[in-house]
Amino acid sequence: MKRLGILTAAAAFAAVASCSGPSIPKGPGLVRLDEGVYAFIAEGPSAALGLGANSGFVVGDSAVLVVDSRFTPALARQLLDAIRSVTDLPIAWLVDTSYHPDRAWGNQVFRDAGARIIARPETAADIETYTPVYKEYYSEHKPDVYRMIEGVTAALPDSAAGVETRIDLGGVEVVLQWFGPGHTAGDLVVSVPSRRIVFAGGLVSNGYHPNLGDQGVDLDNWLSTLQRIARMKPRVIVPGQGAPGGPRLLDTETAYINDLTALCVDAIQRGRSLSQSVLEIRMPGTEDWLQANLLPFNIQAIYRMRVLSVVRPAFQIDIPDAFVVSDGGGGTRAGTVQWIFQSNEGYLELEVSWGPSNRQEVILEDVHDAISRYGRGDGLYDFRVDGSKRLEIGGAEWPAAYGRWSYRTGSLTTGGGVWTWTMRLDRGTLYSIRMLTNAGNDPELEKRNIETLEAIVSTMRARTPVVEVRRRAS
């Protein structure tokens, strides 16, 4: 026999609603989705309310399984209290559907309550890697939030979930499935097949902009995962954020990813820069969605993922794996691609632009003219020319200038470093390459970084019409 306690008022109302017809209880707070299956729906997107992240739990005849532990220990204890308002059965399992803080930073509370934590190996690795990174960010930029999470420790999973893991809670089976990278590298889909209920984690949202920019994201496989969830024929889906709903939530998520990708691809093809697209792209129908600050972030993420495949630059260059595409636009005939790399060694940026030209040759004065007109249209960059040289690129010598740069915010200079700029005409195409680094005014590091960029550029070979951007180890 299950030992069920007295439901809270909100849960009791939800229980009545769920039994009175096809409607699905929305929350917020504790809602009963079906016999033994509960969701805990976040009240809002603020840090104090858990960043909008939902949790849930499943009660069997012998044990309880919890889905996601919430953003802070205090919020985790709130979830624990909600569970104890329903049952006093032992909490045997906690599932982390991803490593994100709003899903895993309450882990220790449930471990202390006796739960065994299970997640994908990718999630375990990311919890260990990124917990200190996130905490440092909050400490430096959001001290009010840091006070909430100061005591968080990286409570790593005890068990690794496979491609499919089945857990028997006594009369109720819960299935954990990994369909490959999607929202993150280690997303787990948690389902209760006998109730046709799915906890989708960050793969699905409702009334919130999803996060498309995680380092482990795979948009194509994300869409495939949504199709696989649909084939499970769920009756109720608990999204990572927002109210529970039916299968149409999968259609909405699919449309968001496809529509935003299409808008970004169109902007890239029209040569619109990332900064222009952030200002111009709007998603009709999402005007009232929460976390609108994620839309520019998502545009940036799609640019990073799609620029090379859309632009298809007609050259080969060996780019280290540590560099990421940050901007670009146009096509094979005329376009731009920008790569960046940032670490403790400083910031490195490489931008290659190309287009047809009727010129007969390129001389150093052409490089100087390009430099004088540069500024991304905002006039905030100052490039001081210190000298000129010639770079060997693709078996030919290119005229180049070099010097120092600075960036202005109002009347203040907020950044700077060294740069090299070079240009060349090759078979009717004019190439312009800008390299810059910011190493905190460390002359030796600046020298090494600009030499690194020049070495990368030296591998460039023009190729027509096939495009290849090869990756090499950093």
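With respect to the stated conditions, Gly44 fails to be assigned by TED's automatic domain parsing to the domain that holds Asp112, buried (at least 19 other Cβ atoms within 10 Å of the Cβ), under 26 Å from Gln291 (Cα atoms) and among the small types (Gly, Ala, Ser).
From the list Asp218, Asp214, the lone residue that is among the charged types (D, E, K, R) and touching a Pro at 6+ places or on another chain (Cβ under 6 Å) is Asp218.
Checked against (1) more than 19 Å from the chain's Cα centre (by Cα); (2) closer than 26 Å to Arg195 by Cα, Ser139 meets all criteria but (2).
Across segment 441-458, the number of residues qualifying as surrounded by 15 or more Cβ atoms within 10 Å (Cβ to Cβ) and closer than 19 Å to Ile393 by Cβ comes to 8. The requirement of being buried (at least 22 other Cβ atoms within 10 Å of the Cβ) and touching a residue at least 24 places away in the same chain (Cβ under 8 Å) is fulfilled somewhere in segment 125-142, by at least one residue.
Yes or no, residue by residue, for (1) surrounded by fewer than 22 Cβ atoms within 10 Å (Cβ to Cβ); (2) in the same structural domain as Asp126 (by TED's automatic domain parsing); (3) in contact with a Leu (Cβ under 8 Å, 6 or more places away or on another chain); (4) farther than 30 Å from Ile127 by Cα:
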| position | (1), (2), (3), (4) |
| --- | --- |
| Val192 | no, yes, no, no |
| Ile197 | no, yes, yes, no |
| Asn221 | yes, no, no, no |
| Ala243 | yes, no, no, no |
| Arg270 | yes, no, no, yes |
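Scanning segment 97-117 for residues that are more than 14 Å from Thr72 (Cα to Cα) and crowded, with 22+ Cβ neighbours inside 10 Å gives Thr97, Ser98, Ala115, Ile117.
Residues in segment 380-395 that are part of a loop (DSSP other than H, G, I, E, B) and surrounded by fewer than 17 Cβ atoms within 10 Å (Cβ to Cβ) were compared, and the one that is modelled with the highest pLDDT is Gly395. Output the number of residues of segment 223-253 satisfying the condition of being within 22 Å of Leu290 (Cβ to Cβ), touching a Phe, Trp or Tyr at 6+ places or on another chain (Cβ under 9 Å), not acidic (Asp, Glu) and not in a loop (DSSP other than H, G, I, E, B). So the count comes out to 5. Scanning segment 293-319 for residues that are surrounded by fewer than 18 Cβ atoms within 10 Å (Cβ to Cβ) and in contact with a Lys or Arg (Cβ under 7 Å, 6 or more places away or on another chain) returns Gln316, Asp318. Considering Thr165, Thr184, the condition of being assigned to a loop (DSSP other than H, G, I, E, B) and among the hydroxyl-bearing types (Ser, Thr, Tyr) is satisfied by Thr184 alone. Look at Ala124 and say whether it is touching a strand residue (DSSP E or B) at 6+ places or on another chain (Cβ under 9 Å), under 20 Å from Thr165 (Cα atoms), assigned to a helix (DSSP H, G or I) and assigned by TED's automatic domain parsing to the domain that holds Ala154. When the stated conditions are applied, Ala124 passes them.
Matching residues to (1) outside any strand (DSSP E or B); (2) in contact with a Leu (Cβ under 9 Å, 6 or more places away or on another chain):
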site	(1), (2)
Gly27	yes, no
Leu30	no, yes
Ala39	no, yes
Glu43	yes, yes
Ala48	yes, yes
Leu51	yes, no
Arg77	yes, no
Leu94	no, yes
Tyr99	yes, no
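Taking Thr336 and the conditions (1) of a type in the set (Val, Ile, Thr); (2) crowded, with 18+ Cβ neighbours inside 10 Å; (3) touching a helix residue (DSSP H, G or I) at 6+ places or on another chain (Cβ under 7 Å), which numbered condition does it fall short on, given that it satisfies the others? Evaluating Thr336 over (1) of a type in the set (Val, Ile, Thr); (2) crowded, with 18+ Cβ neighbours inside 10 Å; (3) touching a helix residue (DSSP H, G or I) at 6+ places or on another chain (Cβ under 7 Å) leaves (3) as the failure. Considering segment 265-302 alone, what residues qualify as being over 30 Å from Gly50 (Cβ atoms), touching a residue at least 24 places away in the same chain (Cβ under 8 Å) and either in a helix (DSSP H, G or I) or among the β-branched types (Val, Ile, Thr) (or both)? Correct list: Val265, Ala267, Ile268, Gln269, Leu274, Ser275, Ser277.
The values are calculated or read from the model by the stated rules, or taken from the named source; none is laboratory data. Values in this document were obtained by computation on a predicted structure and should not be read as measured data. For neighbour counting, all protein chains shown are included, and Cβ atoms are generated from backbone atoms with ideal geometry for every residue, glycine included.
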